[in-house]
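These notes are about the structure you will find just below.
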Amino acid sequence: MIKQILNLSKKLISIPSTKENSGEIKKVLAVAEKAVGKGFSVDRFEKNGSPSLLIHNQKPGTKKFKIILDAHLDVVPGKGYQYKPYEKDGRLYGRGAYDMKAPGAAEILVFKELAKKVTYPLALQLVTDEEIGGFNGAKHQVDEGVRADFTIAGESTELGIKNAAKGIVWANIKACGQAAHGAYLWQGKSAIWMIQRALNALEAKFPEPKKEMWKTTINVSKIHSSNNTYNKVAEDCVLGIDVRFIPEDAKTIVNQIKNLLPKDVELEVLVNEPAQFTPESNKYVALLKNASKEITGKRAVIIVKHGGSDIRHFNRVGCEGVEYGPHGHGIHTDDEWVDVKSLKAYYKILKIFLLSVDKSK
């Protein structure tokens with residue numbers, strides 16, 4: 001089976017399916033669909049030019065499933081040689097080898113093998129826009145009513161079960177002052193100094209971490225004023241922030257920031273994406289741990305990470321799920337690879353997991 005997984009992985013990796021290449025996006029989706037084969041229902045979705053598929057073992061149009069295997073087939077842009085996959089020292093190299101075309105290939109093939117054997121509703125979700133937020137793929141399907149008791153996204157987790165990830169708030173902090181000549185400061189009010197006071201308050205509450213920590217952080221990403229000369233008091237200033245909040249802060253983070261800011265500045269929230277969270281006590285998490293132990297000799301550990309995935313789109317409507325993928329290295333770098341032995345183990349673990357869902361009824 002590992003040869004089939006590697007062959008399909010290489011076919012997928014060789015396609016530069018970035019957001020800029022709509023033709024290649026369609027091509028990679030077609031290759032994946034062909035690999036699944038016939039005999040399954042295929043529901044097609046598209047939003048804002050981003051196509052996605054829901055392939056399953058129920059009648060066409062079914063929206064509710066026990067398990068969904070989620071795979072994104074888009075990648076961030078790479079260099080030309082990265083679309084020429086190769087194996088070396090037990091590793092498969094190429095753009096998307098780890099994130100997540102090889103794990104996606106494993107999901108495709110394990111679905112193909114088991115979808116007609118299991119007795120419960122099982123689906124394979126293939127999307128093409130996860131790297132730019134997943135709003136037109138997974139979220140669109142969820143908005144159209146697609147649901148699952150449990151979803152597994154084959155992201156990079158080193159065979160750990162990622163049950164939590166930080167949410168995202170992108171926001172502008174705006175200040176409006178009063179223009180004046182730079183030699184007569186008392187006649188104006190600098191919007192930049194107003195923003196400086198806001199920065200001081202944010203830094204005191206959310207200091208920049210010196211090492212990895214599971215806590216809410218704020219990155220000051222940009223600052224801008226329309227003032228383009230030196231001898232004028234700036235009458236406007238906008239500070240851009242990127243907030244990554246832990247699930248515990250989900251309901252309070254926006255108010256936390258508002259309460260820190262001086263009264264003469266304004267908070268404008270542009271993006272508020274939910275944190276990702278599924279309790280470790282979830283019964284499917286337990287089944288996945290047991291499946292891992294059967295193949296690797298130890299139960300998979302629970303991990304948390306700072307970046308989210310399409311799982312959050314299911315979480316927002318009350319559906320639980322995790323990220324779970326093989327060993328590898330170099331996501332979004334020039335040296336991306338997935339471990340072949342781990343990929344083989346990953347397939348076997350998914351197979352045992354999916355069969356165990358039938359037995360757990």
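The values are calculated or read from the model by the stated rules, or taken from the named source; none is laboratory data. If you're wondering where the values come from, they're calculated on a predicted model, not measured in any experiment. Backbone-built Cβ (ideal geometry, glycine too); neighbour counts: all protein chains shown. Ligands, DNA and RNA are stripped out before the accessible areas are found, and what is left, the full protein with its side chains, is counted by its heavy atoms. Shrake-Rupley method; radii C 1.70, N 1.55, O 1.52, S 1.80 Å.
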TODO: Could you tell me whether any residue of the stretch 289-299 is at pLDDT 95 or above, of a type in the set (A, V, I, L, M) and either loosely packed, with under 15 Cβ neighbours inside 10 Å or in contact with a strand residue (DSSP E or B) (Cβ under 8 Å, 6 or more places away or on another chain) (or both)?
DONE: no
Task: Residues of the stretch 164-192 that turn out to be open to solvent by 90 Å² or more (accessible area, probe 1.4 Å), closer than 30 Å to Q276 by Cβ and not in a strand (DSSP E or B), as a count - done: 0
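Output the number of residues of the stretch 267-299 satisfying the condition of being farther than 20 Å from T217 by Cα, outside any loop (DSSP other than H, G, I, E, B) and touching a residue at least 60 places away in the same chain (Cβ under 8 Å). Break it down stepwise before answering.
Within the stretch 267-299, the subset farther than 20 Å from T217 by Cα is 278-299.
Subsequent filtering for residues that are outside any loop (DSSP other than H, G, I, E, B) retains 283-296.
If we keep only those that are touching a residue at least 60 places away in the same chain (Cβ under 8 Å) too, we end up with 283-285, 287-292, 296.
Count: 10.
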- [ ] Consider only pairs whose beta carbons are under 8 Å apart and that are at least six residues apart or on different chains; among these, list those whose first residue lies in the stretch 316-331 and is more than 17 Å from L159 (Cβ to Cβ) and whose second residue is open to solvent by 60 Å² or more (accessible area, probe 1.4 Å) and among the charged types (D, E, K, R).
- [x] V317/R147; C319/R147; C319/D149; E320/D149
Task: Hits in the stretch 142-162 (condition: open to solvent by 10 Å² or more (accessible area, probe 1.4 Å) and of a type outside the set (K, R)) - done: D143, E144, G145, D149, E155, S156, E158, L159
- [ ] Exactly one condition in (1) within 30 Å of R312 (Cα to Cα); (2) β-branched (V, I, T); (3) without any contact (Cβ under 8 Å) to a residue 60 or more places away in the chain is not met by I253; state its number.
- [x] (3)
Task: T252 open to solvent by 50 Å² or more (accessible area, probe 1.4 Å) and modelled with pLDDT of 95 or more - done: yes
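Just for the stretch 66-83: of the residues that are open to solvent by less than 10 Å² (accessible area, probe 1.4 Å) and either of a type in the set (D, E) or assigned to a strand (DSSP E or B) (or both), which one is nearest to A123 (Cα to Cα)?
To start, the set of residues in the stretch 66-83 that are open to solvent by less than 10 Å² (accessible area, probe 1.4 Å) comprises 67-75, 82.
From what is left, the residues that are either of a type in the set (D, E) or assigned to a strand (DSSP E or B) (or both) are 67-72, 74.
Details: I67: 6, I68: 5, L69: 6, D70: 8, A71: 11, H72: 14, D74: 19 Å.
Checked the stretch 66-83; the qualifying residue nearest to A123 (Cα to Cα) is I68.
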TODO: Select from the stretch 309-354 the residues that are charged (D, E, K, R), touching a Phe, Trp or Tyr at 6+ places or on another chain (Cβ under 9 Å) and open to solvent by less than 10 Å² (accessible area, probe 1.4 Å) and list them in ascending order.
DONE: E336
Open item on the list: If the requirement is being over 19 Å from K344 (Cα atoms), surrounded by fewer than 22 Cβ atoms within 10 Å (Cβ to Cβ) and among the small types (G, A, S), which of these qualifies: G39, G90?
Closed with: G39
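Using the structure shown, decide if K10 is assigned to a helix (DSSP H, G or I), surrounded by 15 or more Cβ atoms within 10 Å (Cβ to Cβ) and out of contact with any helix residue (DSSP H, G or I) (no Cβ under 6 Å at 6 or more places or on another chain).
Working: assigned to a helix (DSSP H, G or I): yes; surrounded by 15 or more Cβ atoms within 10 Å (Cβ to Cβ): yes; out of contact with any helix residue (DSSP H, G or I) (no Cβ under 6 Å at 6 or more places or on another chain): yes.
So K10 fits the description; yes.
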- [ ] Assess whether A102 counts as being touching a residue at least 40 places away in the same chain (Cβ under 8 Å), closer than 18 Å to K344 by Cβ, touching a strand residue (DSSP E or B) at 6+ places or on another chain (Cβ under 8 Å) and not in a loop (DSSP other than H, G, I, E, B).
- [x] yes
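Take F277 and tell me if it is under 20 Å from the mean Cα position of the chain (by Cα) and open to solvent by 60 Å² or more (accessible area, probe 1.4 Å).
yes
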